[in-house]
Amino acid sequence: MRYKRAGHISEPDIFRRDATPNLLHLPHHQLIIDSLPIESRITLALDALKKTPKLSLRDTAQIYHILPSTLSDRRASRPTRRDIPANSRKLTDLEEQTIIQYIVKLYSRIFHPRLYYMEDMANRLLRERDAPPIGKL
């Protein structure tokens with residue numbers, strides 16, 4: 001005898017027989033759009049907005065399966081979070097490059113640098129400009 005599982009509202013209906021995805025009712029172009037990566041969909045949506053002025057941002061977001069806020073931000077040329085440096089970043093780009101060059105130099109001399117040495121180097125660079133040290137001291 002099989003028992004029927006009682007589902008919770010937050011659970012998807014994976015235990016129903018008719019819950020299998022039926023892709024036949026979706027148009028062919030919708031299947032292609034869904035298989036694209038998010039960045040490609042955003043680019044296509046922005047192109048569609050430029051070419052079709054009557055198309056609303058919300059409708060375009062729904063067609064390309066993108067959040068309207070994401071599409072609005074990209075349309076306004078706001079940088080993505082990935083492209084914005086972290087607020088807690090203590091070293092400048094030049095200081096980071098200096099530490100990387102130091103690590104490469106140590107490796108070329110067949111000396112495996114330890115984390116302590118890297119932390120010490122970073123703290124020396126920060127001390128030069130009276131910034132608080134990194135790590136636990």
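The values are calculated or read from the model by the stated rules, or taken from the named source; none is laboratory data. This is a predicted model, so every value here is computed, not measured. Here Cβ is always computed from backbone atoms with ideal geometry, including for glycine, and neighbour counts include all displayed protein chains.
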Residue check, Ser69 against (1) surrounded by 14 or more Cβ atoms within 10 Å (Cβ to Cβ); (2) at pLDDT 90 or above, all met but one. Which one?
(1)
If the Cβ limit is 9 Å and pairs must be 6+ apart or interchain, which residue in the range 64-92 that is small (Gly, Ala, Ser) pairs with which residue that is outside any loop (DSSP other than H, G, I, E, B)?
Ser69/Ala61; Ser72/Leu57; Ser72/Ala61
Counted residues, the range 72-89 - those being exposed (fewer than 11 other Cβ atoms within 10 Å of the Cβ) and either outside any loop (DSSP other than H, G, I, E, B) or of a type in the set (Val, Ile, Thr) (or both):
4
Between His8, His29, which is modelled with pLDDT under 75, of a type outside the set (A, V, I, L, M) and outside any loop (DSSP other than H, G, I, E, B)?
His29
